[in-house]
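The values are calculated or read from the model by the stated rules, or taken from the named source; none is laboratory data. The structure presented is a predicted model; accordingly, all values stated were derived computationally and were not measured. Neighbour counts are summed over all protein chains in view; Cβ atoms, including those assigned to glycine, are modelled from backbone coordinates with ideal geometry.
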Amino acid sequence: MADKLLIVMMNADPEDGPALVPPLNQACIAAAMEFEVEIVFTGRAGRVIQKGVAARTKASEHSDKTVYDVLKEAHNAGVKIKACAPVIEEIGDDTIEELDEIVGGAYIISEAMDTDTVTFTY
């Protein structure tokens, strides 16, 4: 059985809380189950890690929580938050504090191909 969960957030709208929150919750649950968990933000969804974007995006229309609140919960649970280098090229250094690492495309491929890793994409 795999011991790592890699969540690649690529196509989700960075301002659509109901689309962003389920993968963040899955990451939190997997971390609570003591799996190693990483979320890599890339492509369109990469803007989530830009300061202010997740903080102004409501998790759902029925909640006072923001996507940033849920992202912080995941990070506090042990989920590693990473961004693909082109995202940083686009948004610069204006990132959330919870960003742990900047990675390249080869990193995503290498991790996804590892037999000890299960990869979800959104």
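Which of the residues that make up the range 86-104 are of a type in the set (Gly, Ala, Ser) and either closer than 24 Å to Cys28 by Cα or assigned to a strand (DSSP E or B) (or both)?
Gly104
When residues of the range 27-51 are filtered for being on the phi > 0 side of the Ramachandran plot and either outside any loop (DSSP other than H, G, I, E, B) or aliphatic (A, V, I, L, M) (or both), how many remain?
So the count comes out to 1.
Is it the case that the range 35-43 has a residue that's at pLDDT 95 or above, within 16 Å of Thr119 (Cα to Cα) and aromatic (Phe, Trp, Tyr)?
Yes: the range 35-43 contains one or more residues that are at pLDDT 95 or above, within 16 Å of Thr119 (Cα to Cα) and aromatic (Phe, Trp, Tyr).
Can you tell me which residue in the range 23-50 is farthest from Glu97 (Cα to Cα), limited to those that are of a type outside the set (A, V, I, L, M), over 11 Å from the mean Cα position of the chain (by Cα) and surrounded by 14 or more Cβ atoms within 10 Å (Cβ to Cβ)?
Applying the filter and picking the extreme gives Phe35.
Out of Leu71, Leu24, Leu5, Leu20, report the one residue that is outside any loop (DSSP other than H, G, I, E, B) and under 18 Å from Ile109 (Cα atoms).
Step by step, each of Leu71, Leu24, Leu5, Leu20 is checked, and only Leu5 is outside any loop (DSSP other than H, G, I, E, B) and under 18 Å from Ile109 (Cα atoms).
Scan the range 52-73 for residues that are of a type in the set (Lys, Arg) and within 10 Å of Pro18 (Cα to Cα) and jot them down. Before you say what the answer is, go through the steps one by one.
Here is the first cut: in the range 52-73, the residues of a type in the set (Lys, Arg) are 56, 58, 65, 72.
Once the filter is applied, which keeps residues that are of a type in the set (Lys, Arg) and within 10 Å of Pro18 (Cα to Cα), the range 52-73 yields only Lys58.
Identify, from the list Glu101, Glu90, Glu97, the residue that is of a type in the set (D, E, K, R), loosely packed, with under 14 Cβ neighbours inside 10 Å and free of Cβ contacts under 8 Å to residues at least 12 places away in the same chain.
It is Glu97.
Just wondering, is there one or more residues in the range 80-88 that are closer than 18 Å to Arg44 by Cα, of a type in the set (Lys, Arg) and within 12 Å of the chain's Cα centre (by Cα)?
yes
Mind listing whichever residues of the range 108-120 are in contact with a strand residue (DSSP E or B) (Cβ under 8 Å, 6 or more places away or on another chain) and either surrounded by 16 or more Cβ atoms within 10 Å (Cβ to Cβ) or part of a loop (DSSP other than H, G, I, E, B) (or both)?
Result: Ile108, Glu111, Asp114, Asp116, Thr117, Val118, Thr119.
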